[in-house]
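S.K.: This is the structure I want to talk about, given as structure tokens.
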Amino acid sequence: MTVPVIALVLGDPAGVGPELVAKVLSQQAFRAQANIIIVADRKEVQTGMDIAERTFPYREISHTAEVDFTDDEILLLHHSGSHPSAIEHGKATPQSGVYILETLRKALDLTQQGIADALCFAPLNKEAMHLGGLEFSDELHWFKHQLNWDKFCCEVNVVDDVWAGRATSHIPFRDIVDNLTTDGILATVELMHQTLLQAGYEEPRIAVQALNPHGGENGLFGDEEQTVIKPAIEQARAKGLAVFGPYPGDTTWKAMQAEKLNAVVAMYHDQFSTALKMLSFDRGVTIQAGLPVPIATANHGTAYNLYGKNAASPTAFEQAFLLAVRMAKGHHRQSTSQ
């Protein structure tokens, strides 16, 4: 593999996605990282360039049989969307939801056909996707269904070289304890280990967070550390994984620095991702970890309020694109070594 092939999707075209794509692909340094196939409506691509006041060259194709990178061109696989109404920009609508799901499906097809090595999508909106027919809680579970994938998966957030996963995710806060299990924590730790290997870390070092204040104070403030979390850590260590903790939520960052740890497994959605976003909201990336194809996106939303203003920062999407390239190379190395 010289450079990987990245299938790139605009996300929700009613938001800042097309603008971000234009700002990233207008830079030769990013175009040189991969062969790129954009799955999008040509009108939305042009709108993104108009808003960003930047352009990039591409060649439009109508079928995958036309995929050819001998001229190092970006390819645009045109898709106009099947919804009968035009997309209304600046808000969540069924039109953009249908468009999101259809373009993501086409991009997944490119990976399933062996044409693309990874998928990178600009920010999307769950409300729009549900209005457009999404029947799952989030895009990760939709990806699993589309790929007919039954293995454990979870979202992983990344800022620079700090990675974070979570044992429970998009559930009400009151349901966290009932959904927290030793097996679930262990599966998250193992998935984090494999994801870091794919990203090029030779010996991943992973922190596991406690659930209760002060780590439970030996059962004084809760016993989940003793009954659920520590057994998962012990089982992971027995499998040869470098796992540490459980660390109280308010001292995890200090432990990360002192022990030179690469990643954190949190017990719930906002436990460590809040710290990551405070570290840098503008550089955050989300990985759909555990799927058979690398998938990355910026760790922020569609910013409908910024549509058309040329005010969206491309930094997080730049990082998502670069990480998709990095993961694609690692995925290829793992596949050829098996």
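Every number here is computed from the coordinates shown, using simple stated rules; none is lab data. Keep in mind that what you see is a predicted model, and the values were worked out from it rather than measured. Counting neighbours? That spans all protein chains shown, and the Cβs are built from the backbone with ideal geometry, glycine included.
S.K.: If you keep only loop residues by DSSP, which GluC sites (Glu not before Pro) in the range 199-297 have at most 14 other Cβ atoms within 10 Å of their Cβ?
M.R.: Values: sites: Glu202, Glu217, Glu224, Glu225, Glu234, Glu259; in loops: Glu202, Glu217.
Passing sites in the range 199-297 are Glu202, Glu217.
S.K.: Test of the criteria: in the range 264-338, which trypsin sites (Lys or Arg not before Pro) are in a DSSP loop and have at most 16 other Cβ atoms within 10 angstrom of their Cβ? Walk me through the numbers before you get to the answer.
M.R.: Numbers: sites: Lys277, Arg283, Lys309, Arg326, Lys329, Arg333; in loops: Lys309.
Within the range 264-338, the qualifying trypsin sites (Lys or Arg not before Pro) (loop, at most 16 other Cβ atoms within 10 Å) are Lys309.
S.K.: Let me test this: with uniform point scatterers at the alpha carbons of the chain, what is the Debye-based log₁₀ I(q)/I(0) at q = 0.07, 0.08, 0.14 1/Å?
M.R.: Values, matching the q order: -0.29, -0.38, -1.09.
S.K.: Compute for the range 152-281: radius of gyration divided by Kirkwood radius, i.e. Rg/Rh, restricted to C-alpha atoms, rounded to two decimals. Working shown, then result.
M.R.: On the way: Rg = 13.4 Å, Rh = 14.4 Å.
We get a ratio of 0.93 for the range 152-281.
S.K.: With each label point set 7 Å from Cα along the Cα-Cβ vector, what nm distance links Val3 and Asp161?
M.R.: Spacing of the two 7 Å Cα→Cβ label points: 2.5 nm.
S.K.: Compute the distance from the alpha-carbon center of the range 195-263 to that of the range 114-187, in whole Å.
M.R.: When both Cα centres are located, 21 Å separates them.
S.K.: For the residue pair His145 and Gln46, what label-to-label distance in nm results when each label sits 7 Å from Cα along the Cα-to-beta-carbon direction?
M.R.: 3.5 nm
S.K.: By a straight-distance test (C-alpha under 16 Å), which lysines pair with Lys239 as possible cross-link partners, with residues fewer than eight away in the same chain excluded?
M.R.: Lys230
S.K.: Same structure, new question: So what is the relative contact order for the range 133-216, in percent, with contacts set as C-alpha pairs under 8 Å and at least six apart?
M.R.: Details: 44 pairs, mean separation 15.4, N = 84.
Reported as a whole number, the value is 18 percent.
S.K.: Select from Pro231, Pro204, Ala266 the residue farthest towards the positive end of the dipole of the range 152-281; place +1 on Cβ of Lys and Arg, -1 on Cβ of Asp and Glu, and compute about the Cα centre.
M.R.: Going by the charge dipole, the pick is Pro204.
S.K.: Could I ask something else about it? How would Thr315, Thr103, Thr70, Thr181 line up from fewest to most surrounding beta-carbon atoms within 10 angstrom? Intermediate results must be reported in sequence, preceding the final value.
M.R.: Working: Thr315 18, Thr103 26, Thr70 5, Thr181 14.
Fewest-to-most ranking of Thr315, Thr103, Thr70, Thr181: Thr70, Thr181, Thr315, Thr103.
S.K.: How big is the dipole moment of the range 152-281 about its Cα centre under a simple scheme where the beta carbon of each Lys and Arg is +1, that of each Asp and Glu is -1, and everything else is neutral? Debye, nearest 20, please. List each step's numbers first, then the result.
M.R.: Working: 9 positive and 17 negative charges, 36 e Å.
Magnitude of the dipole: close to 180 debye.
S.K.: Give the calculated FRET efficiency between Ser85 and Glu53 to the nearest 0.05, with a Förster radius of 25 Å applied to their Cβ-Cβ distance.
M.R.: Values: r = 28 Å, r/R0 = 1.13.
My answer for the efficiency is 0.30.
S.K.: Which ordering of His331, His193, His141 is given by a fewest-first count of other beta-carbon atoms within 10 Å?
M.R.: On the way: His331 19, His193 24, His141 15.
So the residues, fewest neighbours to most, are His141, His331, His193.
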